[in-house]
């Protein structure tokens, strides 16, 4: 698709040092892996090591099919893509298209009922909370601590709303914070709004993140196990949704609920919500014209109040990019952040501890409108 010159894009905000503890983004060296398979996957250099982008988006648009590019926005720089990444990309796109093509057809074939819609909405928001609390604030930012068994169970639960490997998710998100809205950032709407919404996980540069950049996770055998069985929690959740739909229909025949409605609505459509909602954060909370910029961070981030309701608190995105290692994103009273509330409840139950809050001087001293 045609694109406009990149120099016509709005300039980034004036740089300001992020109020973060840089230690939390430094990769740690993995411990010796438990077997040869682990060594090959997590340590050995391969042809799918990081794809280095040019320092500035001055090369012609990428020759790969542009997922989500629109004619008014610049495409990312061209890169040389290893064949194995192209194969992986085709497989992921095929599977994703087939699954949600089936879900769309199933919605018409097996219909919908009030418990199907209500359950879908509740499960969808539950998945948003799981992604935000576990994948985002715990694994990617280490905003609080928990025991290894608890972390394993929490992560396995979050994987019932699939986001590929939790290790991969943490690696790509840490990279996003290092390079927010610059040419290295695959999430940025500067490379296309629809790509930032849902196309970026299929980009070769996103597929190529090496796991050794998150050695704090790859050193743990239980996290490597979750990485190997990445689709198992989702598959189990689909089976459970189907069974629950059948059971509900048997108990309440007048509801019209069926097993296949359980599969389609409680299984497949509810699983898509966290993916799309986090994509909305990429698009809306990184785009001029939306929300407000409380802190002049060196990116395009905004705080978008209505988005925080849809994303369990992730809409306070300018706050988060200013001080990303806090367990909350809503810094001030009235800033709706249900993920912070949930973390507080887990702390009261003794399941998590060392919960990192935002220092008062960080909230107030650097307050500036941009």
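None of the figures in this text is laboratory data; all of them are computed from the coordinates on show. Note that this is a predicted model, so its numbers are computed, not measured. FYI the Cβ positions are ideal-geometry reconstructions off the backbone, even for glycines, and counts take in every protein chain you see.
Quick notes
- Test: residue in the range 141-161 that is within 26 Å of residue 288 (Cβ to Cβ) and assigned to a helix (DSSP H, G or I): no
- If the condition is being surrounded by fewer than 23 Cβ atoms within 10 Å (Cβ to Cβ), touching a residue at least 60 places away in the same chain (Cβ under 8 Å) and more than 15 Å from the chain's Cα centre (by Cα), then the range 272-298 contributes 287, 288, 292, 293, 294, 296, 298.
- Residues that are touching a residue at least 60 places away in the same chain (Cβ under 8 Å), in contact with a helix residue (DSSP H, G or I) (Cβ under 7 Å, 6 or more places away or on another chain) and closer than 15 Å to residue 357 by Cβ within the range 311-327 comprise 313, 323, 324, 325, 327, listed in sequence order.
- Here 193, 158, 206, 244 are screened, and the one residue that is buried (at least 22 other Cβ atoms within 10 Å of the Cβ) and touching a residue at least 12 places away in the same chain (Cβ under 8 Å) is 158.
- When the range 89-133 is limited to residues that are touching a helix residue (DSSP H, G or I) at 6+ places or on another chain (Cβ under 6 Å) and outside any helix (DSSP H, G or I), the one that is nearest to residue 254 (Cα to Cα) turns out to be 113.
- Residues in the range 125-154 that are more than 18 Å from residue 349 (Cβ to Cβ) and crowded, with 21+ Cβ neighbours inside 10 Å: 127, 128, 131, 132, 135, 136, 139, 140, 141.
- Unique match (being more than 18 Å from the chain's Cα centre (by Cα) and surrounded by fewer than 23 Cβ atoms within 10 Å (Cβ to Cβ)) among 331, 252: 252
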